[in-house]
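**Q** One structure is given below, represented as structure tokens, and several questions about it will come after.
The values are calculated or read from the model by the stated rules, or taken from the named source; none is laboratory data. Just so you know, these numbers come straight off a predicted model, no measurement behind them. Ideal geometry is used to build each Cβ from the backbone, glycine not excepted, and the neighbour counts take in all protein chains shown.
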Amino acid sequence: MVVVACPNSSLVDVHIDPDRIPSSSTSKYDYASAYSRIRSAARTAGPGVSSVLILSSPDVDSVCATRILTSLLLQDDIPHRIVPVEGYRSLLSTLSTVFSASDSDAQQPSSSSSTDVRSVIFINLGAVLSLPTTFNIPASCTIHVIDSHRPWNLENLFATSHANDRVWCWDDGEIATKLCRQGGERDAFEKLEFDVESDSEEDSDDDDDDADSAADSAHSDDHDDDDEDGPAGKRKRSSRSRSHDSTKRRHRQRSPTSSSARLTNAERHRYRNVLTRYYNRGESFGMSVSSMLYLLCESLGRADRESLWLAIIGLTSLYLSNSIDFETYETYSSAYASEVIAIEPTSSNAPTEAWSLDLLSKDPDSEEAATSRSTAASRAQNRTLRSVISKNTKSEDADDRSIRIIPSELRFTLYRHWSLETAMYHTAYVAAKLGVWRERGLSKLRGLMAKMGFSLTAVRQNYTHMPLDLRRSLVRKLEGIAPEYGLTELTYRGFERSFGFRTAPLGAADVVEGVSALLVAAHGVKIEVETPGMVFASASSGGGAPLGNSYAANLNPANPNAQTSELFATKRVWSLGTTLTDSITSAIAATTSAGSGKDQAGANAGLDLDAIASQAGASAEDIAALESAERQVWIANFYEAYRALDFSRSTSVDLLRSSLLLSQALHRKIVARGIGLITNQSIRTLKNFRLAILKDGSDLELFANVEVLARLANWLTTSLRDIIVEQQTQAAAKKKGGNNAAAYAPLPFILAALHPAKDSFLVLGSTGSAVHGMVENNHFTAAFQHAAKMSGARVRHDRFQTFSIQVRKSDLAGFVEKVHLKIK
């Protein structure tokens, strides 16, 4: 067990009580020493050898963390490789390619490994896997697990084996303060690991190796033997006899106390309950991996503006995806606000009162009346305060790349790049309070605008084209009038950054939306995007005189020389100039056309390629080609998102700017589908959860993506929260002695989207909170596994998002029935 201790920082105190931090650390390694080990191992691998392998999951936080890590490696001239992996199959395939069988063969007498990889770094994956038992780790290689998913697999943390010594788990403070507390999960795991079962209590406590091995069967002796007999690496044991002798010495040292290590049935039951309760808490998230790597930068003295901005983006992505609650986000963002003030020269001298936009949002008439009654000293102070605020909320020059704090960031979706009315319409929180899927809800939305004094002409313009006085007074008027419509939590602390003359400042939420859109649909999806402003595309160069510096001309990275003009709006198919989308389309066509004239009801044959091929009428080669094309697409999408976060290049900023159009198109699809489910009454209300099945529509293939389906689930849960809570309140009131707490129970939701080409459903479970800003742990992972076992359904649990699973089309009904019995 190697736990990399988290350095002291205000970011750690967010979820860790400082009084509970132990005086002595449970590990002698911290982030800086772990990185030093990676650097030293790379130096010993030889010049020009890529000895660091980075495996990253495809999400916004992971891409930001990978950016921070690679910047450190580049500064140290360490060659490295980045391989995105989206599931367990791709992870095992990648590792089997990197580590040949000879690297981990216990019979190999050589002391050197054939692989050049010395360090494998898992970014936002690996915490839930038992790594030493999942694959063989060469003796010369170290696995670094940097993951925000919880719960941890305790085998990685506390199991005793030589393979575990090569697994380094980076702690965000939870392991040292919670899992390692007295009577906690570590004590329970170690007690059970070395527990002597009742059937071996009758054996004598002699030095017999077989008896000792049986008494220590939970110690993973097979892994010990494999690791000791493998290549020595840093270990000096090269023969099986020395390894066996060391194992015997270890058992002999433990044998005098073996009688005291025996547990009673009550103790054994208590310790097992401790571990069961830990795993049954459900899936949650700890500190973002980008924040953990920002702490590494701080420990190395290399924290800069770029790493801070990437850490802020990673934090914002967790908040916008409902992975962390509002209180946690506010505490983290407060710590990052302090970092921004410390790192930005214009913010270092700003007083605390400077981080309020109240003065800038006041009407000139009211301000003049107020200052006329104030003293000369107060007027001078207000002028100074206004000057400082303006300096920290506006771009100073064409080369300004500073980060600024937005104390009242609006919760509206992409409102800086949409019209205000459209942004509010596509915001789930507004939909929940106003019910925008009904005509009455749209009337409420327009009535809110009218009561604020905003004309429909103004709110339907692009936000950047709205009158300046309306934009400055927007937050103040919303805070005064929106509570009448139930909109009481429209703002939160946000951040934005300038990119010089290349584009208008982008908020952290804007970057999250753009990067997530690239991860989902940069390639492989045919989707129309709407160019902003007034644009028309001329068929020939003679049809008018287009503007040379047209904003719309920069919106198509694949065709920057398109003939466009800012006159009329238009739509175009999103494309980055590759043929990956066509490869997906042709692969799907091959699978569907082969089975178009055949019966697809069939028997339950599972999710393997041959079974799917026989069921859908397509060949196994066609299905394999489809999966191969999909893998190429999401790998390309990952690299596009990674490239978009390189803010030093103008092409990356243009790509990020264009991705906002793609994000808007995805929001239109998601909201339209969600409203369709509500208005068509396609959501079934079962006893323990709500169920919606998507099995038709032109955009069905889009929702076969886990990220898109998760965003639809979040939109539905947020939009229907108030209605569901009201129904639960009425149901609790009808019961005798009804408890109001039942009205605020979690809101479980299951969505199933059909993938016709694979003849299977992507099933996703979401657990929403009944209170806005709160987050519930997701318990669908265990429920899905139990349902698959009890129903006999053929499933594939391959994604790192453990709350999603692929189920054979014909098995969906039985699978959902078993989930209904498991969820309470």
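**Q** For a quick check of your reading of the model, give me the residue pairs whose first member lies in the stretch 51-70 and is in contact (Cβ under 8 Å) with a residue 12 or more places away in the chain and more than 12 Å from residue 642 (Cβ to Cβ), whose second is polar (S, T, N, Q) and in a strand (DSSP E or B), with beta-carbon atoms closer than 8 Å and at least 6 apart or on different chains.
**A** Filtered contacts from the stretch 51-70: 51/119; 52/119; 53/119.
**Q** Among the residues of the stretch 118-155, write down those that are without any contact (Cβ under 8 Å) to a residue 40 or more places away in the chain and of a type in the set (S, T, N, Q).
**A** 130, 153
**Q** So residue 152 fits all but one of (1) closer than 30 Å to residue 51 by Cβ; (2) surrounded by fewer than 20 Cβ atoms within 10 Å (Cβ to Cβ); what number is the exception?
**A** Of everything listed in (1) closer than 30 Å to residue 51 by Cβ; (2) surrounded by fewer than 20 Cβ atoms within 10 Å (Cβ to Cβ), residue 152 misses just condition (2).
**Q** For the condition in contact with a Lys or Arg (Cβ under 7 Å, 6 or more places away or on another chain) and either closer than 22 Å to residue 819 by Cβ or of a type in the set (Asp, Glu) (or both), what is the one hit in 691, 720, 677, 716?
**A** So the residue among 691, 720, 677, 716 that is in contact with a Lys or Arg (Cβ under 7 Å, 6 or more places away or on another chain) and either closer than 22 Å to residue 819 by Cβ or of a type in the set (Asp, Glu) (or both) is 691.
**Q** Still on this structure: Looking at 174, 193, which one is closer than 29 Å to residue 291 by Cα and either surrounded by fewer than 20 Cβ atoms within 10 Å (Cβ to Cβ) or under 26 Å from the mean Cα position of the chain (by Cα) (or both)?
**A** Going through 174, 193 in turn, just one is closer than 29 Å to residue 291 by Cα and either surrounded by fewer than 20 Cβ atoms within 10 Å (Cβ to Cβ) or under 26 Å from the mean Cα position of the chain (by Cα) (or both): 174.
**Q** What about residue 693, is it touching a residue at least 12 places away in the same chain (Cβ under 8 Å), outside any loop (DSSP other than H, G, I, E, B) and assigned by TED's automatic domain parsing to the domain that holds residue 724?
**A** yes
**Q** Could you count how many residues in the stretch 280-329 are within 14 Å of residue 72 (Cα to Cα) and among the polar types (S, T, N, Q)?
**A** 3
**Q** Of all residues in the stretch 635-650, which are under 17 Å from the mean Cα position of the chain (by Cα) and not in a helix (DSSP H, G or I)?
**A** Answer for the stretch 635-650, where residues must be under 17 Å from the mean Cα position of the chain (by Cα) and not in a helix (DSSP H, G or I): just 645.
**Q** For the stretch 453-462, give me each residue that is part of a helix (DSSP H, G or I) and either modelled with pLDDT of 95 or more or touching a strand residue (DSSP E or B) at 6+ places or on another chain (Cβ under 8 Å) (or both).
**A** The one that is part of a helix (DSSP H, G or I) and either modelled with pLDDT of 95 or more or touching a strand residue (DSSP E or B) at 6+ places or on another chain (Cβ under 8 Å) (or both): 459.
**Q** Taking the criterion of being farther than 28 Å from residue 577 by Cβ, in contact (Cβ under 8 Å) with a residue 24 or more places away in the chain and of a type in the set (Gly, Ala, Ser), would at least one residue in the stretch 675-690 satisfy it?
**A** no
**Q** Within the stretch 270-285, which residues are touching a Leu at 6+ places or on another chain (Cβ under 8 Å) and in a helix (DSSP H, G or I)?
**A** 271, 272, 275, 278, listed by residue number.
**Q** Name the single residue, out of those in the stretch 508-534 being in a loop (DSSP other than H, G, I, E, B) and either basic (Lys, Arg) or within 24 Å of the chain's Cα centre (by Cα) (or both), that is surrounded by the most Cβ atoms within 10 Å (Cβ to Cβ).
**A** Selected residue: 522.
**Q** Between residues in the stretch 722-734 that are assigned by TED's automatic domain parsing to the domain that holds residue 744 and residues that are of a type in the set (S, T, N, Q), which pairs lie under 9 Å by C-beta distance while being six or more apart or on different chains?
**A** Here the result reads 724/685; 724/717; 727/685; 729/740; 732/739; 732/740; 733/740, each pair linking the stretch 722-734 to a residue that is of a type in the set (S, T, N, Q).
**Q** A further question on this structure: Which one of 440, 416 is among the basic types (Lys, Arg), free of Cβ contacts under 8 Å to residues at least 12 places away in the same chain and either within 22 Å of residue 514 (Cβ to Cβ) or assigned to a helix (DSSP H, G or I) (or both)?
**A** The match here is 440.
**Q** Still on this model: Being at pLDDT below 95 and over 30 Å from residue 809 (Cβ atoms) is the requirement here; does residue 651 meet it?
**A** Considered against the rule, which asks whether it is at pLDDT below 95 and over 30 Å from residue 809 (Cβ atoms), residue 651 comes out as yes.
**Q** Test residue 711 against the criterion of being under 22 Å from the mean Cα position of the chain (by Cα), modelled with pLDDT of 90 or more and of a type in the set (D, E, K, R), and give yes or no.
**A** Yes: the conditions hold for residue 711.
**Q** Going through the stretch 404-417 one residue at a time, which ones are crowded, with 21+ Cβ neighbours inside 10 Å and closer than 25 Å to residue 672 by Cα?
**A** 410, 412, 413, 414, 415, 417
**Q** On to the next question. Going residue by residue through the stretch 484-507, is there one that turns out to be out of contact with any Phe, Trp or Tyr (no Cβ under 8 Å at 6 or more places or on another chain), polar (S, T, N, Q) and surrounded by 19 or more Cβ atoms within 10 Å (Cβ to Cβ)?
**A** yes
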